[in-house]
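Asks: I'd like to ask you about the structure that follows.
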Amino acid sequence: MNIKSLLFASAAAFTAVSGAQAADAIVAAEPEPVEYVRVCDAFGTGYFYIPGTETCLKISGYVRFQVSYGPDEVNKRQGWGAQGTSDWDAFSRAYLAFSSKSDTELGTLTGFFAGEFNADNDSDVGDSLINVDEAYIQLGGLKAGFFYSWWDKGINGETDSLANITEFNSIAYLYDGGSIQAGVALNELEGTTTKANGIGIQGIVSVTVGGVSIDLLGGYDTEVEEGAIRALLSAEVGPGVFQMAGVWTSDPNTYFAASEWTLAASYRYNATEKLAITPGIQYWGDLGFVNDADQWRGGLAVDYKITEGLASRVSVQYTSRDLGAGTDDFVTGFVRLQRDF
């Protein structure tokens, strides 16, 4: 074999080996496409699609720090007449909410959960706890679960107290006709009274025309066989919102138990885009359902938006109570910082 033949033989052998190696080579698979989170704007800001579904999810909440002042402040928040050991109290709270929404042939399907995480140095009064604030399912106008009732709605500011217990395990239906709304609800009252099998019935009618809205609300407690009615007016006046409300009750019940009747009013003055000032006043007649006993309260709430997502509120309230045996006057209030997200 000459040199030329040897070279050709070597080249052929090298080509065969290279081809075999190429046939056995491992080829990396192409990466699967990644499904990025998409914005869902069908239900307002803050929602995004849960990957792989047509359900939209929103996560929101706040972190709050507050220092409150008033007679026996530590226990006062547990109810009138409780005796405490300090006139001031500081506490912190984290609030976290999850809202899921999707469109169905029966309307918008909603699932909502919110929890409160409270931190207070004095855990004996029950402030350091984890609390389910709301948990409910809603389909169109039908709502079932644990949620705030229509009695929870108040007027602007911190002066008013227009309800007794406002949160129940309930079934409610609200018809929304735009300018008019009407609803009915059944509330489980177990744990809200000394009796075990109570059912509460609520009804509401709301009318909105331009910048004016009127709510008429009623509640009936089947255990004590007593009821309460409330009217609330809200109107845009000048650079702010004027509100007033009145409550009458036949006797103490789950929905209202402070007095036979009460009137309240407030005006939220939007001084600037960041500053709002809200004076308010309320009067209770036949306080504690005692003839000639009464109470009135006047106060001021100041809201200031420090920066985007961070706000403050200062509240100062003066209360004068006359139970027939003398007048009890005192001042309450708080300073609050809150970071919303």
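Asks: Would you say residue 317 is touching an Asp or Glu at 6+ places or on another chain (Cβ under 6 Å) and at pLDDT 95 or above? Spell out how you get there, then give the answer.
Replies: On the way: touching an Asp or Glu at 6+ places or on another chain (Cβ under 6 Å): no; at pLDDT 95 or above: yes.
Taking the combined requirement at face value, the residue does not satisfy it.
Asks: If you take the residues in segment 285-311 that are over 27 Å from the mean Cα position of the chain (by Cα) and assigned to a strand (DSSP E or B), which one is nearest to residue 339 (Cα to Cα)? Walk me through how you get there before you give the answer.
Replies: Of segment 285-311, the ones over 27 Å from the mean Cα position of the chain (by Cα) are 285-296.
Right, trim to assigned to a strand (DSSP E or B) and you get 285-287, 294-296.
Values: 285: 38, 286: 40, 287: 37, 294: 38, 295: 35, 296: 33 Å.
Within segment 285-311, the match that is nearest to residue 339 (Cα to Cα) is 296.
Asks: Restrict the check to segment 154-170 and report whether at least one residue is at pLDDT 95 or above and loosely packed, with under 15 Cβ neighbours inside 10 Å.
Replies: Checked segment 154-170: no residue is at pLDDT 95 or above and loosely packed, with under 15 Cβ neighbours inside 10 Å.
Asks: Among the residues of segment 171-215 satisfying the criterion of being among the acidic types (Asp, Glu) and surrounded by fewer than 18 Cβ atoms within 10 Å (Cβ to Cβ), which is modelled with the lowest pLDDT?
Replies: We begin by selecting, within segment 171-215, every residue among the acidic types (Asp, Glu); these are 176, 188, 190, 215.
Retained after the next criterion (residues that are surrounded by fewer than 18 Cβ atoms within 10 Å (Cβ to Cβ)): 176, 188, 190.
Working: 176: 95, 188: 95, 190: 83.
Top of the filtered list is 190.
Asks: Could you check segment 127-146 and list, in sequence order, the residues that are within 21 Å of residue 189 (Cβ to Cβ) and modelled with pLDDT under 85?
Replies: Across segment 127-146, there are no qualifying residues.
Asks: Still on this structure, I have one more. Hey, among 256, 242, which residue is at pLDDT 95 or above and in a loop (DSSP other than H, G, I, E, B)?
Replies: On inspection, the qualifying residue turns out to be 256.
Asks: Also: Starting from residues that are in contact with a Leu (Cβ under 8 Å, 6 or more places away or on another chain) and closer than 21 Å to residue 213 by Cβ, keep the ones in segment 127-149 and report whichever is surrounded by the fewest Cβ atoms within 10 Å (Cβ to Cβ).
Replies: The extreme case among them is 141.
Asks: List, please: which pairs have Cβ atoms under 6 Å, are six or more places apart or on different chains, and start with a residue in segment 287-298 that is of a type in the set (A, V, I, L, M, F, W, C) and end with one that is part of a strand (DSSP E or B)?
Replies: Between residues of segment 287-298 that are of a type in the set (A, V, I, L, M, F, W, C) and residues that are part of a strand (DSSP E or B), the close pairs are 287/259; 287/294; 287/295; 289/260; 293/287; 296/283; 296/320.
Asks: Has segment 318-329 got any residue that is outside any strand (DSSP E or B) and surrounded by 14 or more Cβ atoms within 10 Å (Cβ to Cβ)?
Replies: First, the residues of segment 318-329 that are outside any strand (DSSP E or B): 323-326.
From what's left, surrounded by 14 or more Cβ atoms within 10 Å (Cβ to Cβ): 323.
For segment 318-329, residues outside any strand (DSSP E or B) and surrounded by 14 or more Cβ atoms within 10 Å (Cβ to Cβ): present.
Asks: Moving on to the next point. Kindly indicate whether any position in segment 220-235 is part of a strand (DSSP E or B), surrounded by fewer than 16 Cβ atoms within 10 Å (Cβ to Cβ), free of Cβ contacts under 8 Å to residues at least 60 places away in the same chain and not hydrophobic (A, V, I, L, M, F, W, C).
Replies: no
Asks: Restricting to segment 312-341, count the residues that are of a type in the set (A, V, I, L, M) and either under 16 Å from residue 156 (Cα atoms) or over 29 Å from the mean Cα position of the chain (by Cα) (or both). It would help to see each step written out before you state the result.
Replies: Of all residues in segment 312-341, those of a type in the set (A, V, I, L, M) come to 314, 316, 323, 325, 331, 335, 337.
If we keep only those that are either under 16 Å from residue 156 (Cα atoms) or over 29 Å from the mean Cα position of the chain (by Cα) (or both) too, we end up with 314, 316, 323, 325.
Selection size over segment 312-341: 4.
Yes or no, residue by residue, for (1) touching a Lys or Arg at 6+ places or on another chain (Cβ under 9 Å); (2) modelled with pLDDT of 95 or more; (3) exposed (fewer than 14 other Cβ atoms within 10 Å of the Cβ); (4) under 30 Å from residue 248 (Cα atoms):
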residue: 84; (1), (2), (3), (4): yes, no, no, no
residue: 93; (1), (2), (3), (4): yes, yes, no, no
residue: 99; (1), (2), (3), (4): yes, yes, no, no
residue: 151; (1), (2), (3), (4): yes, yes, no, yes
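Asks: Now, a different point. Condition first: outside any strand (DSSP E or B) and not small (Gly, Ala, Ser). Now tell me which residues in segment 159-194 satisfy that.
Replies: Taking segment 159-194 and keeping what is outside any strand (DSSP E or B), we get 159-166, 177-179, 189-194.
Hits for segment 159-194 are 159, 160, 162, 164, 165, 166, 189, 190, 192, 193, 194.
Asks: Looking only at segment 42-55, decide whether some residue is at pLDDT below 95, of a type in the set (D, E, K, R) and assigned to a strand (DSSP E or B).
Replies: Within segment 42-55 (the criterion being at pLDDT below 95, of a type in the set (D, E, K, R) and assigned to a strand (DSSP E or B)), the answer is no, since none of the residues qualifies.
The values are calculated or read from the model by the stated rules, or taken from the named source; none is laboratory data. Since the model is a prediction, treat every value here as computed from it, not as a measurement. As a convention, Cβ positions derive from the backbone with ideal geometry for all residues, glycine included, and neighbour counts pool all protein chains shown.
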